[in-house]
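Data first, discussion second: the structure below is written as structure tokens.
The values are calculated or read from the model by the stated rules, or taken from the named source; none is laboratory data. Please read all numbers here as calculations on a predicted model, not as lab measurements. Cβ sites come from the backbone with ideal geometry, for glycine too, and all protein chains shown count toward neighbours.
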Amino acid sequence: MSDRKSVGWTALFAALAMTWTASLTPSPATAQAKLVVAVAPAPEMVAAFIAREQGLFKKNGLDAEVRVIQGGAAIPVALASGGIQIGVFGTPNLLQANDSGLDFVVVAGGAVASKTDENYGIVAKAGSGIETPKDLAGKKIALPGLEGFFHVLAREWLTKSGVDYTTVTFIEGNFPALGDILKAGTVDAIVTTQPFLGRAISSGAGAKVFHIAHELPDGLPPFVYVATRKWAEANPAVVKAFKQSIAEAITVAETNVEASRADYGKYVKLPPEALATVQWNKMSADVRPDQIQLWIEMMQRQKMLKTQIDAASLFPK
């Protein structure tokens, strides 16, 4: 792991010593328990938006604020300092944090990647001549978050496709900007998801799409809702109510797509034509240790972990 990444997690470890800034009522059955939930602006986080907008958090005894945070690295810091109580982590980021000595646990699942998924992938620049995976060797690819879940998945897919991923240069960008980066010719390809993938194609910036999920393990949870172990084990009723709210919101997302898109649009500003194309991954509020183990094995192959992590230990008691 690079010095830059190690220093970042060391800073997070120091943040754990900061004073807890939020207090929660232990039982949401008798009062509204206050909490702040931080998510990224990707459609996979739609359940949190729905739970807030459709009153599902409130129904389950939670006074939950949902904040959109662009930089994924800001969420662990806010969580460790007590500025938020629950945050969305890419599953590799959760593993890296705990690998560096932090103590975060999974409180709910989110999206579940399937081999049939075609809402995300690698988009090659129009005119680049990239037609097969092996054409990506030696190229430059932009993605949202170095050593995040898209980075791990892209390297795993390249390896399975017979490409040495160490020959590929990866650079970091945020979701909305990736299409512009591709169009400008700064990179040869991008790793992205809908609606940004569709916009890259419709704008003419991108051409060939590699749907990388087809060659990856089935049932991967690309992100999870996370809390500190200290908070989660001190507030089991709140954790249970949160997970229940997410489960109910997933049902809404699956049965009322238009209303769910409207809820998503309140938090993520997209043109109407782009919002109309937004689709959700398969989602589940449940996540199991064996699903986390799939990530551990991929990251071990990529030499991203220094310690042996027990997947079952990443859940509150």
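Quick look at the numbers
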quantity: Conditions (1) at pLDDT below 95; (2) crowded, with 23+ Cβ neighbours inside 10 Å; (3) out of contact with any helix residue (DSSP H, G or I) (no Cβ under 6 Å at 6 or more places or on another chain); number of the one not met by A29; calculated: (2)
quantity: Meets criteria (assigned by TED's automatic domain parsing to the domain that holds A40 and without any contact (Cβ under 8 Å) to a residue 40 or more places away in the chain) for N235; calculated: no
quantity: Residues being in a strand (DSSP E or B) and under 27 Å from F150 (Cα atoms) - total across segment 36-64; calculated: 4
quantity: Lone qualifier among L95, L136, L178 - being touching a Leu at 6+ places or on another chain (Cβ under 9 Å), hydrophobic (A, V, I, L, M, F, W, C), at pLDDT below 95 and more than 23 Å from N235 (Cβ to Cβ); calculated: L178
quantity: Test: T192 is among the hydroxyl-bearing types (S, T, Y) and part of a loop (DSSP other than H, G, I, E, B); calculated: no
quantity: Matching residues in segment 140-179 - criterion: being in a loop (DSSP other than H, G, I, E, B) and free of Cβ contacts under 8 Å to residues at least 24 places away in the same chain; calculated: none
quantity: So S245, is it farther than 21 Å from N93 by Cα, surrounded by fewer than 18 Cβ atoms within 10 Å (Cβ to Cβ) and touching a helix residue (DSSP H, G or I) at 6+ places or on another chain (Cβ under 9 Å); calculated: no
quantity: Residues that are within 18 Å of the chain's Cα centre (by Cα) and polar (S, T, N, Q), drawn from segment 240-285; calculated: Q279, N281, S284
quantity: One residue from A184, A207 being among the aliphatic types (A, V, I, L, M), surrounded by fewer than 23 Cβ atoms within 10 Å (Cβ to Cβ) and out of contact with any strand residue (DSSP E or B) (no Cβ under 9 Å at 6 or more places or on another chain); calculated: A184
quantity: Filter result for the condition that a residue is over 21 Å from A285 (Cβ atoms) and either of a type in the set (K, R) or surrounded by 21 or more Cβ atoms within 10 Å (Cβ to Cβ) (or both), over A137, A108, A97, A126; calculated: A97
quantity: Per-region count, segment 68-83, residues buried (at least 23 other Cβ atoms within 10 Å of the Cβ) and either in contact with a His (Cβ under 7 Å, 6 or more places away or on another chain) or not small (G, A, S) (or both); calculated: 3
quantity: Out of P271, P217, sole residue that is touching a Leu at 6+ places or on another chain (Cβ under 8 Å) and farther than 23 Å from I84 by Cβ; calculated: P217
